[in-house]
1. Among the residues in region 152-166, are any surrounded by fewer than 19 Cβ atoms within 10 Å (Cβ to Cβ) and outside any helix (DSSP H, G or I)?
2. Please give the number of the condition Ser207 fails out of (1) touching an Asp or Glu at 6+ places or on another chain (Cβ under 8 Å); (2) loosely packed, with under 13 Cβ neighbours inside 10 Å.
3. From the list Leu227, Leu248, Leu275, which residue is assigned by TED's automatic domain parsing to the domain that holds Ala173 and more than 28 Å from Arg456 (Cβ to Cβ)?
4. Quick one: what pairs do we get from region 427-441, first residue at pLDDT 90 or above, second not in a helix (DSSP H, G or I), C-beta under 6 Å, 6+ apart or different chains?
5. Out of Arg393, Arg426, report the one residue that is in the same structural domain as Ala204 (by TED's automatic domain parsing) and within 27 Å of the chain's Cα centre (by Cα).
6. Among residues belonging to region 273-298 that are small (Gly, Ala, Ser) and at pLDDT 90 or above, point out the one that is farthest from Thr464 (Cα to Cα).
7. Please indicate, with yes or no, whether at least one residue in region 223-238 is modelled with pLDDT of 95 or more, more than 24 Å from Ala430 (Cβ to Cβ) and out of contact with any strand residue (DSSP E or B) (no Cβ under 6 Å at 6 or more places or on another chain).
8. Output the residue which, of all residues in region 287-341 that are polar (S, T, N, Q) and without any contact (Cβ under 8 Å) to a residue 60 or more places away in the chain, is nearest to Arg123 (Cα to Cα).
Amino acid sequence: MPGQSRLQPGVGRRVVRAALVLVLSHGASLALAQRAPVSPDHAWHGVGEAKIEADARNLTNAKLNFDSEKTYSLPELIDLAESHNPGTRVAWERARAQAAAWGIARSELYPTVAAAALAGVDREQTYLTDRFFRQTIGDFQVALNLNYTIFDFGARAGRINAAKAQSLAANFAFNDTHRNVIYRVEQAYYQLLNAAGQEDAARANLSNAQAVQQAAEERLNNGLATLPDVLEARSATAQAEYELQSVLGTEQIAAGNLATVLGTSATTTIHVQPLNELAIPESVDESVDVAINRALAQRPDLMQQVADVRSANARVKEARAAYYPSLSFTASPTPQSLYGMQQQFPWGHTAGLVGGMAFNLNWTVFDGGARKNRLLQTEANVHSAEAQVNGSRDQIANEVWTAYSNLNTALRQRQAATALLEAASRSYDAALESYNYGLRNLLDVTAAQRTLAQARSTDVLARTQILTSLADLAFRNGDAIQPGVRSPRP
């Protein structure tokens with residue numbers, strides 16, 4: 001045809017073949033991208049994996065800036081953890097989402113209004129008598145639709161109360177996250193203090209072993225000791241050095257654990273308040289019954305379960321409302337403007353308010369037992385939630401009892417450890433002095449040295465165990481997150 005280009009013979013077929021090859025190759029690449037490995041011992045690499053890996057590397061978190069010259073106390077570390085630990089952020093966002101869900105449920109108390117602006121032009125041929133007339137009609141209108149539930153015998157109230165209880169449960173879960181974060185910081189902090197104290201004890205033990213070795217070598221040079229005695233002393237020194245290196249490794253791990261709990265890299269160096277600057281209590285001021293009652297009144301995880309019971313009861317109310325009718329009101333006012341023209345006639349116009357309103361009464365007469373079973377289901381959920389609360393109360397009481405007993409045990413062990421350290425120190429000093437005068441043999445000195453080393457380690461462990469037990473009791477009581485109750489921190 002004139003004005004149209006024509007393809008040369010064979011060109012069209014080549015273009016079609018090229019397009020077909022492109023489509024097939026693209027489809028084959030997609031198929032290969034989704035193909036599973038030939039055997040389970042091969043890794044599965046697919047399209048987009050490199051981008052996901054790059055995104056994972058680029059994910060960054062707000063870094064904590066620690067002052068290398070500052071010594072951080074436990075309350076300061078807890079404040080940092082509560083602000084930067086990812087767990088608190090997750091629980092906070094969940095609580096916000098549940099609060100929004102409560103707001104969505106409350107919106108059922110109000111009417112809904114929807115508006116739509118409509119405009120259109122229709123042109124058609126209208127047949128009148130013996131001929132057709134062209135007719136054009138323009139329609140401009142604003143449609144409004146209002147819906148409101150007048151009453152539903154408590155169905156909305158049940159949904160709103162359930163959402164409110166779930167919002168409270170999310171708040172308690174958020175508080176419980178803080179309780180766990182505080183406890184983890186305390187445990188990591190005291191583990192680091194214990195490791196640092198064990199380092200001091202190990203260095204003191206190494207110093208004692210070197211002193212014994214020096215005394216043995218001096219006596220050997222003076223002909224007052226034998227070579228086996230010196231070898232035994234050197235062996236004790238090597239053992240003390242080995243134990244020191246083991247303690248240093250444990251201390252590095254404890255420092256990494258504390259940094260991780262705070263929400264920063266494990267390689268971050270943090271200087272903390274040492275153990276010898278902390279006050280160690282000597283007794284418990286309250287009875288175990290008081291501690292148990294306080295735990296049952298303020299544990300956030302228990303309050304969360306009680307909120308779940310309220311939510312389950314609200315769902316029962318909603319399920320019972322399904323047996324009764326609901327009445328709703330609907331109104332749809334629509335302001336309208338029409339323009340029209342027919343062939344051989346001028347434009348015409350009309351405007352007005354059209355629409356309607358209605359009351360709708362809905363009542364499900366028969367549903368095959370769905371309402372009955374739904375009600376039974378919600379009632380069973382209530383009984384299950386109540387049983388879970390009762391079980392948790394018993395578990396919490398047992399946790400407080402155990403923590404209280406562990407604290408009393410730690411206090412008694414501290415007294416024994418103090419007496420052991422004093423006796424072991426005096427025994428070692430006396431044994432070394434007697435050895436220098438030739439009144440004791442080297443085996444007595446090394447035995448006293450090992451006893452002193454164990455006593456030092458036990459004393460450090462006993463002190464940190466009291467602090468750890470105090471933190472555990474505060475955790476079981478839920479004291480750490482109460483603004484008016486201070487946990488027994490040093």
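1. Checked against the condition, which is being surrounded by fewer than 19 Cβ atoms within 10 Å (Cβ to Cβ) and outside any helix (DSSP H, G or I), region 152-166 yields at least one hit.
2. Among (1) touching an Asp or Glu at 6+ places or on another chain (Cβ under 8 Å); (2) loosely packed, with under 13 Cβ neighbours inside 10 Å, the lone unmet condition for Ser207 is (1).
3. Details: Leu248 fails: more than 28 Å from Arg456 (Cβ to Cβ); Leu275 fails: more than 28 Å from Arg456 (Cβ to Cβ).
Leu227 is the lone residue from the list that is assigned by TED's automatic domain parsing to the domain that holds Ala173 and more than 28 Å from Arg456 (Cβ to Cβ).
4. Ala431/Arg440; Ser434/Arg440
5. Details: Arg426 fails: within 27 Å of the chain's Cα centre (by Cα).
Just a single option satisfies the conditions, and that option is Arg393.
6. So in region 273-298, the residues small (Gly, Ala, Ser) come out as 279, 283, 287, 291, 295, 297.
Remaining after also requiring at pLDDT 90 or above: 287, 291, 295, 297.
Details: Ser287: 22, Ala291: 22, Ala295: 24, Ala297: 29 Å.
Out of the qualifying residues, it is Ala297.
7. Yes, the conditions are met somewhere in region 223-238.
8. Applying the filter and picking the extreme gives Asn293.
The values are calculated or read from the model by the stated rules, or taken from the named source; none is laboratory data. Treat the numbers as computed from the prediction; the structure is a model and nothing was measured. Glycine also receives a Cβ, built like all others from the backbone with ideal geometry; neighbour counts cover every protein chain displayed.
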